[in-house]
1. Rounded to the nearest 500, what is the 222 nm mean residue ellipticity of the chain from helices alone, with -39500 (n - 2.57) per DSSP H run of 4+ residues and division by all residues?
2. Pairing the Cα long axis of helix 215-239 with the longest principal axis of the chain, what angle in degrees results, from 0 to 90 and rounded to the nearest 10?
3. Just to confirm a number: summing +1 for Lys and Arg and -1 for Asp and Glu over residues other than Ser156 whose beta-carbon lies under 15 angstrom from that of Ser156, what do you get?
4. Quote to one decimal, in nm, the extra length available between Leu300 and Phe151 on full extension: 0.36 nm per residue of separation minus the C-alpha distance between them.
5. Given an 8 Å cut-off on Cα distances and at least 6 residues of separation, report the relative contact order of the range 1-143 as a percent.
6. About its Cα centre, how strong a charge dipole does the range 164-372 have in debye, to the nearest 20, once Lys and Arg get +1 and Asp and Glu get -1 at the Cβ?
7. Taking R0 as 35 Å, what's the FRET efficiency between Leu78 and Glu135 from their Cβ-Cβ distance, rounded to 0.05?
8. Within the range 318-336, which residues have the backbone N less than 20 Å from the label spot 7 Å out from Leu266 along Cα→beta-carbon, could you tell me?
Amino acid sequence: MERKAIVLFRGFSETREGPKPIALVEHFGTPVVVRWISALKSLGFSSFAIVAQREVLEAVRALLGGADLGARVEYFPLEGSPPSDAELLVEGDFLVEHGALKRFVEGDYALGLHAGERVLEKPARGAGRWVELDELAEPRHRPACVHAGDFKAARSALVRWAQKGVHFTSLLNAPLENALVKLLGDRKAVTPNRVTLLVNSLSVPAALLFLGGRFLPAALLSYLAGILDGVDGKLARVRGVLTRFGHLEHSLDALYEQALYASFALGLALHGYGLLAASLGMAFLVVDCFVRHVYNQFALTAGRPLKHYAPFDRAFALVDGRRNVYLIYAIAFSAAGHPLLALLAALAHASLTAAVYFLRAAQHLRELDEKEGTAQLLRLSASSRRRR
């Protein structure tokens, strides 16, 4: 069934060239109307009614042109009557944090407000529940709504909303990542995919430095690559258009991370630490792969990441084992002249993470089986077999 959204554009923003329709205002290179279509498409909408003044509609139509958006786009003048069969009505002059938008669309709400002003509405619900959009956003993403015509506030909000990581190292790296995003966000030649390729390219000299026994420079270069690795995803999010192809970045991350870990262990083995370093390195690679698999399998099975599932999981996500922590160990212990201890610390941290992840995932999945009745069906099946 086709899901339709009405996106209304009413205002203009003052620019150096004079007043500009907010629908066409660009933040990090993406016009507001394109940003809204992309956001709503990601939530399952496939039909859009753009409502604006006639001259604005002409400009929007020219912008979208004959592009195959994988959706139907219609145009209605502001002074006319918009379609009455839409599931969602959006005041397009505002920007809304994606998590808050998703929760509103999926929740039992009729009105989404910003400082008491209507921004989102489900017309079919009439005078139902209303909610301030800030209530639907994580505290770190508030305010969850800004006026798209306020250039400074909108850009600041988009960068803030682009922060996904909650780990203490993600928060540590965020100021530099955000500065790079603001610097590069308007440069169309700098794409998220090109940043991903740069990150993977930097892993080659880093691995060679590890193999050559230059552990501190290698760890520092690897950490720099890790900071850039946080930039590619943020660039995609601030630009407002996420692609399926871009998800392969996670696979490339896994490739270069495992290569760095292996080269560190092999470099230690080649430079005086012998079989012990090789053994610790193999154990670490096995445990780290297990951590990744448990995390990914839980997300596929439960429908959301383990780190967002329950209060304890959210708290543990602040300090769990991951690349940036392991590289901090490598930097600290290499600087102190004891690089083997970095591998030992990384293995201990990864092992703790593996144990917590597995036990928590098992607990949550068992609870889901009980809640959905699957556990009862299993007991009935076992009881039937015993009676035979």
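Laboratory data are not the source of any read-out in this text; all were calculated from the coordinates shown. The model shown is predicted, which means the values in this text are computed figures rather than measured ones. Heads up, the Cβs are rebuilt from the backbone with ideal geometry, glycines too, and the neighbour counts pull from every protein chain shown.
1. Roughly -19000 deg cm²/dmol at 222 nm, from the helical runs in the chain.
2. 20
3. +4
4. Here the answer is 49.8 nm.
5. RCO, the range 1-143: 24 percent.
6. Dipole magnitude for the range 164-372 comes out near 560 debye.
7. The value I calculate is 0.70.
8. Backbone N within reach: 327, 330.
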